[in-house]
1. Based on this model, can you work out whether B:SER97 counts as modelled with pLDDT under 95, closer than 18 Å to B:GLY52 by Cβ and open to solvent by 30 Å² or more (accessible area, probe 1.4 Å)?
2. Restricting attention to region A:28-56, report how many residues are farther than 19 Å from B:GLY98 by Cα and either hydroxyl-bearing (Ser, Thr, Tyr) or more than 8 Å from chain B (Cβ to nearest Cβ) (or both).
3. From the list B:GLY54, B:GLY41, exactly one residue is within 12 Å of chain A (Cβ to nearest Cβ), open to solvent by 50 Å² or more (accessible area, probe 1.4 Å), at positive phi and among the small types (Gly, Ala, Ser). Which is it?
4. Kindly provide the set of residues from region A:75-106 that are more than 10 Å from chain B (Cβ to nearest Cβ) and among the small types (Gly, Ala, Ser), ordered by number.
5. Can you work out which of the residues in region B:99-112 that are in a loop (DSSP other than H, G, I, E, B) and in contact (Cβ under 8 Å) with a residue 24 or more places away in the chain is farthest from the other protein chains (Cβ to nearest Cβ)?
6. Hey, does region B:59-66 have a residue that's among the hydrophobic types (A, V, I, L, M, F, W, C), exposed (fewer than 13 other Cβ atoms within 10 Å of the Cβ) and at pLDDT below 95?
7. Consider only pairs whose beta carbons are under 6 Å apart and that are at least six residues apart or on different chains; among these, list those whose first residue lies in region B:69-90 and is on the phi < 0 side of the Ramachandran plot and whose second residue is at pLDDT 95 or above and acidic (Asp, Glu).
Amino acid sequence: GENVEQHPSTLSVQEGDSAVIKCTYSDSASNYFPWYKQELGKRPQLIIDIRSNVGEKKDQRIAVTLNKTAKHFSLHITETQPEDSAVYFCAPREGAQKLVFGQGTRLTINP
Amino acid sequence: SQTIHQWPATLVQPVGSPLSLECTVEGTSNPNLYWYRQAAGRGLQLLFYSVGIGQISSEVPQNLSASRPQDRQFILSSKKLLLSDSGFYLCAWSWSSGNTIYFGEGSWLTVV
């Protein structure tokens, strides 16, 4: 099955700075790469995703980059704000039906 | 639009008691349905997924079971809860041909 690792497990940045979280996966057949954000006590919600035929996708302050050769994709958050504090999960798709979640990265934005 | 409902939101159950969590999806037909569990401060573990009525795939051998008696209904059950079953249980759905999964609001289970 898919082996997914996220780094770092915790990340603390100053408000206004950028944050980058990396996700590595093992299944070369994976073709869908989402990132979810989970605020404390709430459900995970999709914030951005990318398909294997695209190398980068951007949505305002959030971007995802994909390196299929190296089997990793990264979440980039620029101009961080306090409301960006949350746990972020990558979840590359394995097979036709399943998303395999990483262990999460706890991001803290310091004012 | 599509919505997903999950209940109960919280429950406290003694060890050895049964469990039933229910999830329904509205506004779509033939969705893929999922049960995930999240232990405190941990990642999401896929427990079961279903691509149709009566079709259940189990990801982790344990004392839990799942059933899909209707197209948009997914039930998570246990006959005898263990302390280690405590956690945040999330039901989710996706289009049958889609990629993105959408989570319900979750059920907090504490086994005492």
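1. For B:SER97, the condition - modelled with pLDDT under 95, closer than 18 Å to B:GLY52 by Cβ and open to solvent by 30 Å² or more (accessible area, probe 1.4 Å) - is met.
2. Matching residues across region A:28-56 total 8.
3. Matching residue, one of B:GLY54, B:GLY41: B:GLY41.
4. A:SER85, A:ALA86, A:GLY95
5. In this case the residue turns out to be B:VAL112.
6. Yes, because at least one residue in region B:59-66 is among the hydrophobic types (A, V, I, L, M, F, W, C), exposed (fewer than 13 other Cβ atoms within 10 Å of the Cβ) and at pLDDT below 95.
7. B:ILE75/B:GLU22
Table: residues versus (1) part of a loop (DSSP other than H, G, I, E, B); (2) within 18 Å of B:GLY98 (Cα to Cα); (3) not basic (Lys, Arg).
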| position | (1), (2), (3) |
| --- | --- |
| B:VAL25 | no, yes, yes |
| B:ALA40 | yes, no, yes |
| B:ALA66 | no, no, yes |
| B:LEU76 | no, no, yes |
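The values are calculated or read from the model by the stated rules, or taken from the named source; none is laboratory data. Because the structure is predicted, anything quoted here is derived from the model rather than measured. Backbone-built Cβ (ideal geometry, glycine too); neighbour counts: all protein chains shown. Accessible surface areas use protein heavy atoms only, side chains included; no ligands, DNA or RNA. Shrake-Rupley method; radii C 1.70, N 1.55, O 1.52, S 1.80 Å.
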